[in-house]
1. Starting with the fewest neighbours, write out 409, 70 ranked by other beta-carbon atoms found within 10 Å of each beta-carbon.
2. Distance between Cα centroids, segment 218-294 to segment 361-428: provide it in whole Å.
3. Would you kindly state how much longer the chain becomes between residue 320 and residue 269 on full extension, computed as 0.36 nm times their sequence separation minus their alpha carbon distance, in nm to one decimal?
4. How large is the Rg to Rh ratio of segment 345-391 when both quantities use alpha carbon positions and Rh follows Kirkwood?
5. Be a star and scan segment 141-171 for residues whose amide nitrogen sits under 20 Å from the point 7 Å along the Cα-to-Cβ vector of residue 127.
6. How much length would be gained if the chain were fully extended between residue 367 and residue 111, taking 0.36 nm per residue of separation minus their Cα-Cα distance, in nm to one decimal?
7. Taking other Cβ within 10 Å of each residue's Cβ, how do 261, 242 sort, fewest first?
8. For segment 101-182, what is the largest minus smallest coordinate of the Cα atoms on each principal axis, given in angstrom and ordered from greatest to least?
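Rule-based calculations on the coordinates, nothing more; no lab input. Because the structure is a prediction, the values reported are computed rather than measured. Here the Cβ is made from the backbone with ideal geometry for all residues, glycine too, and neighbour counts use every protein chain on show.
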């Protein structure tokens, strides 16, 4: 991560081997894996609790009535807010002071200013809860050429080991992603998703990342044009997300709206997401995820996965997606796994969802592959107990409205469909046939188009398969 010092290196007095780790993730179209690697790197980070800096005063402003939480305005710590000056150190000082406070407080990013911040970690644990109030605009350096040489290009703003934090406000987080999307290694937006690519540096930063944190609330925030994922949660628990507006162009690569990995007890409600990848993507190790009233699209839909890449074990369960609209998207509700994986996806419910001109409205793809040279493998993530109910709307006729492509060796089991009615979005309205492969389950009520390819009951023999570790 960057430092605000000239060469991007923090002073020796604030270096810590533990806190200078860079959490590395594959930056291709799908780095939704459950592997986390750590390597040492130097970048700008906030300090763990210590004595408050004395150079700048005032350090905080009490509430008007003297009884509420203190307000830590970043301008009081030297932030300029002209969109050009480097305000990284001011944000760090404001965070450190708020983090050391005995009572909860608000770090204020005031309205009417544009604050440029380099790649930074805001670290805890803090002595009390913090509200990160974004009423102004926050931006990173403008593109790869402006990014400090010694800074991580994999993430921008990271919140590490935080307990009880709320990010909110009426401002904007602008990731300035266009120059990153146009790197030669990525499909160029003018070429489309099948455009030609070239070799070269391809790392692009996740805009906002929460790592090993708990009791988090993100609400009312507007974020746009992230170089890569807009929000990412790794190793977190008790996360409430509500009333977000996430926007980036439909052909911006890898710009997932919200990605969660190894994270449990998550609520994602009442949000508008349009981007160039999944609106919400659920990676390995996620449990108890509730998604409700999301308007998604254009996008790649709402996805579980991809899972099982590089023969890894992935466990996901208790996922609910309901009362949402998916429109003008490449996929609707999707489960995607690589061949050769292990683990399981179970207890998944998709209900009360409207599709508007969606390609692949309902899809299980256990042959997920980003190239043409993936090798057939016998092991697979076991998919079971998936329910689809009250799913209606229109589909893009280039793909079947229902596609359940399950593993040759480990079939999908207990798929349940009821009140599913999908019509072609174009005329003539000729219904396309659903596709099934090694998929078992039941159709509770007649579907449109009629689903005849689902195998009834359970497979006569199911290979001995260890899902107990999940």
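1. Values: 409 14, 70 18.
Ranked by crowding around the Cβ, least crowded first: 409, 70.
2. 22 Å
3. Net length gain for the segment: 17.2 nm.
4. 1.06
5. 160-166, by backbone N distance to the label point.
6. 87.3 nm
7. Neighbour counts put them in this order, fewest first: 242, 261.
8. 44, 28, 16
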